[in-house]
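Have a look at the structure below before the remarks.
The values are calculated or read from the model by the stated rules, or taken from the named source; none is laboratory data. Values in this document were obtained by computation on a predicted structure and should not be read as measured data. Every residue, glycine as well, gets a Cβ built from its backbone with ideal geometry; the counts of neighbours run over all protein chains shown. Accessible surface is based on the protein model in full, side chains and every heavy atom, while ligands, DNA and RNA are left aside. Shrake-Rupley method; radii C 1.70, N 1.55, O 1.52, S 1.80 Å.
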Amino acid sequence: MKLKVFQYYQQLCGWDLPIKKKVKILGELMTNAYDDHWRVVGVTQEALNVFKQHEFKKVSRMGINRGHICDRNDTLTFMLENPFDNVWDWWNYFYSRDRTILMTSTENMSHKESKVYDVPEGLFHTSGFAWKHGKDEIKFLSELCN
């Protein structure tokens, strides 16, 4: 799959379109390139406080979202303006920058997050534009809070 997506990316780099449109296309392509895009690697103290108010469950409109550590637009723009010719360099660059932190909406908008705790691999898997939140995630958050 990565090789096919890389080939699409290489074609896109050569298209005569404004960079903004190419970034949008590449964003869609990369979002569908692998199952766990926008992977969660951290959670802020403020988000943990909100989770605690909801018994560490995910509740609709609780004001927590995934904030990218590296600006996604910057990542995609760089990839298009500096075309990669090696699939592994391309993939490693993108994958290393496609990391998110669970934070409050206020933290995400202000780009000022409270203390960040590491999240082990295997938790908060991607589900559309959200994340999966089950027993393992609840246990992790409650143990982190204690």
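Given the condition touching a Leu at 6+ places or on another chain (Cβ under 7 Å), surrounded by 15 or more Cβ atoms within 10 Å (Cβ to Cβ) and within 30 Å of Q10 (Cβ to Cβ), answer yes or no: does some residue in region 86-101 qualify?
Yes, there is a match, as at least one residue in region 86-101 is touching a Leu at 6+ places or on another chain (Cβ under 7 Å), surrounded by 15 or more Cβ atoms within 10 Å (Cβ to Cβ) and within 30 Å of Q10 (Cβ to Cβ).
Of the residues D36, D16, only one is open to solvent by less than 60 Å² (accessible area, probe 1.4 Å) and acidic (D, E); which?
Selected residue: D36, the only one of D36, D16 that is open to solvent by less than 60 Å² (accessible area, probe 1.4 Å) and acidic (D, E).
Taking into account only those residues within region 112-141 that are open to solvent by less than 60 Å² (accessible area, probe 1.4 Å) and assigned to a loop (DSSP other than H, G, I, E, B), which is modelled with the lowest pLDDT?
Across region 112-141, the extreme among qualifying residues is G128.
Looking at E81, E46 in this structure, which one is open to solvent by 40 Å² or more (accessible area, probe 1.4 Å), of a type in the set (D, E, K, R), in contact with a helix residue (DSSP H, G or I) (Cβ under 8 Å, 6 or more places away or on another chain) and over 30 Å from D118 (Cβ atoms)?
E81
Could you check, for region 60-67, whether at least one of its residues is open to solvent by 50 Å² or more (accessible area, probe 1.4 Å) and out of contact with any helix residue (DSSP H, G or I) (no Cβ under 7 Å at 6 or more places or on another chain)? Explain how you work it out, then say what you get.
From region 60-67, those open to solvent by 50 Å² or more (accessible area, probe 1.4 Å) are 60-61; that's our starting set.
Cutting the leftovers down to out of contact with any helix residue (DSSP H, G or I) (no Cβ under 7 Å at 6 or more places or on another chain) gives us 60-61.
Within region 60-67 (the criterion being open to solvent by 50 Å² or more (accessible area, probe 1.4 Å) and out of contact with any helix residue (DSSP H, G or I) (no Cβ under 7 Å at 6 or more places or on another chain)), the answer is yes, since at least one residue qualifies.
Would you check which residues across region 49-59 are on the phi < 0 side of the Ramachandran plot and open to solvent by 70 Å² or more (accessible area, probe 1.4 Å) and list them?
Hits for region 49-59 are K52, Q53, K57, K58.
I need a count of the residues in region 19-33 that are surrounded by fewer than 18 Cβ atoms within 10 Å (Cβ to Cβ) and either under 21 Å from E113 (Cα atoms) or at pLDDT below 95 (or both). Lay out the reasoning, then the answer.
We begin by selecting, within region 19-33, every residue surrounded by fewer than 18 Cβ atoms within 10 Å (Cβ to Cβ); these are 19-21, 24-25, 27-29, 31-32.
Keeping just the survivors that are either under 21 Å from E113 (Cα atoms) or at pLDDT below 95 (or both) gives 27-29, 31-32.
Qualifying residue count, region 19-33: 5.
What single numbered condition from (1) modelled with pLDDT of 95 or more; (2) in contact with a Ser or Thr (Cβ under 7 Å, 6 or more places away or on another chain) fails to hold for W38?
(1) is the only condition that W38 fails.
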